[in-house]
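Participant: Just dropping this structure here.
The values are calculated or read from the model by the stated rules, or taken from the named source; none is laboratory data. Just so it is clear, the model here is predicted, and its values are computed rather than measured. Cβ atoms come from the backbone with ideal geometry, glycine included; neighbour counts cover every protein chain shown. Each accessible area value is taken on the protein alone, full model and side chains, heavy atoms only, with ligands, DNA and RNA left out. Shrake-Rupley method; radii C 1.70, N 1.55, O 1.52, S 1.80 Å.
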Amino acid sequence: MRIGIDIDGVVANTQQAMLDVFQIEKLVPADTNLQHWVDWACWDIWPDATEQFIRDLFRQPAFWESIKPMDYAIDSLRRMIQCGHDVVLVTARGSREGMSSWVKGAHPPVHILTREWLHRYDVPYDDLIFNEDKRSVAREERLLCFVEDRYVNACLLSQACEQVYLLDAAWNQGELPDNVMRTTWREMNWWRAT
């Protein structure tokens with residue numbers, strides 16, 4: 001089976017790295033944690049963490065290098081591949097559509113930083129695609145299921161994949177289509193039975 005996997009918020013703990021910077025820069029209270037991140041557009045929650053601040057942050061290689069993997073993600077990907085599944089990482093990072101303007105000017109370019117990060121943490125995968133339109137990628141690549149953290153993406157992916165797994169987070173709450181399941185890496189083991 002071909003499985004689509006998002007990177008940020010799924011394999012890479014990007015939101016925690018962002019929150020760490022927000023706290024260091026005193027843009028959010030010191031006791032703020034990911035449970036307070038109730039909207040994917042965090043600048044709507046914390047006005048001092050402006051969209052421009054985040055764009056500038058995304059242009060800094062040190063930020064991308066500071067991101068740690070999500071708990072259980074790498075081991076889960078390794079087990080998926082050991083069970084004979086193809087793991088296709090799909091990310092909006094550096095894609096021509098949305099995030100390209102956010103990371104424009106990063107040196108080296110974010111697609112290189114992404115590959116370096118995946119190598120540094122020995123993240124197993126079969127293919128890596130930079131494209132914000134994950135639903136189209138899922139259709140073109142014939143991805144039967146997808147692991148995602150963004151609510152709107154999970155709903156769109158439900159139109160292209162048999163099953164979507166939405167990693168439970170404060171920023172992705174809402175009613176889900178029937179073929180979208182809210183879960184965590186620790187709870188997931190569906191790939192063993194297929």
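Participant: Quick one: order K26, K134, K68 from most to least accessible surface, probe 1.4 Å.
Facilitator: K26, K68, K134
Participant: Rank these by accessible area, largest first, 1.4 Å probe: C155, C83, C145.
Facilitator: C83, C155, C145
Participant: Around V28, under 11 Å between beta carbons, what's the net of Lys plus Arg minus Asp minus Glu among the other residues?
Facilitator: Net local charge, V28 excluded: -3.
Participant: Of the accessible area of the chain, with the probe set at 1.4 angstrom, what percent is carbon plus sulfur?
Facilitator: After summing per-atom areas, the C and S share lands at 48 percent.
Participant: Which of the peptides 156-169, 35-48, 109-122 is most tightly packed, and how do the rest follow, going by the mean number of other Cβ atoms within 10 Å of each residue?
Facilitator: 156-169, 109-122, 35-48
Participant: Where in segment 75-90 does the label zone of N179 land, with the point 7 angstrom along Cα→C-beta and an amide N cut-off under 20 Å?
Facilitator: Hits in segment 75-90 for N179 at 20 Å: 85-90.
Participant: Next question, about the same structure. Using a 1.4 angstrom probe on the protein heavy atoms only, could you order T91, T184 from most to least accessible area?
Facilitator: T184, T91
Participant: On to the next question. Based only on Cα atoms, what mean projected area does the convex hull of the chain have, in nm²?
Facilitator: Spelled out: convex hull of the Cα atoms, projected over all directions, averaged, 10.3 nm².
Participant: Further question on the same structure: Run through the DSSP bridge list for the chain and note the antiparallel percent, rounded to the nearest 5.
Facilitator: Among the beta bridges of the chain, antiparallel pairing accounts for roughly 5 percent.
Participant: Around L167, under 12 Å between beta carbons, what's the net of Lys plus Arg minus Asp minus Glu among the other residues?
Facilitator: Here the count lands on -4.
Participant: Hey, got the dipole for the chain? About the Cα centre, +1 on K and R Cβ, -1 on D and E Cβ, debye to the nearest 20?
Facilitator: 440 debye
Participant: Starting from 0.36 nm per residue, how many nanometres of slack lie between L34 and Q159 once their C-alpha separation is accounted for?
Facilitator: Result for the pair: 42.1 nm of gain on full extension.
Participant: Same structure again: How far is helix 110-120 tilted off the main Cα axis of the chain, in degrees rounded to 10, range 0 to 90?
Facilitator: Roughly 70 degrees between the two axes.
Participant: Given a 1.4 Å probe and the protein chains all in place, what does the accessible area of T50 round to, in Å² to the nearest 10?
Facilitator: Accessible area of T50: about 60 Å².
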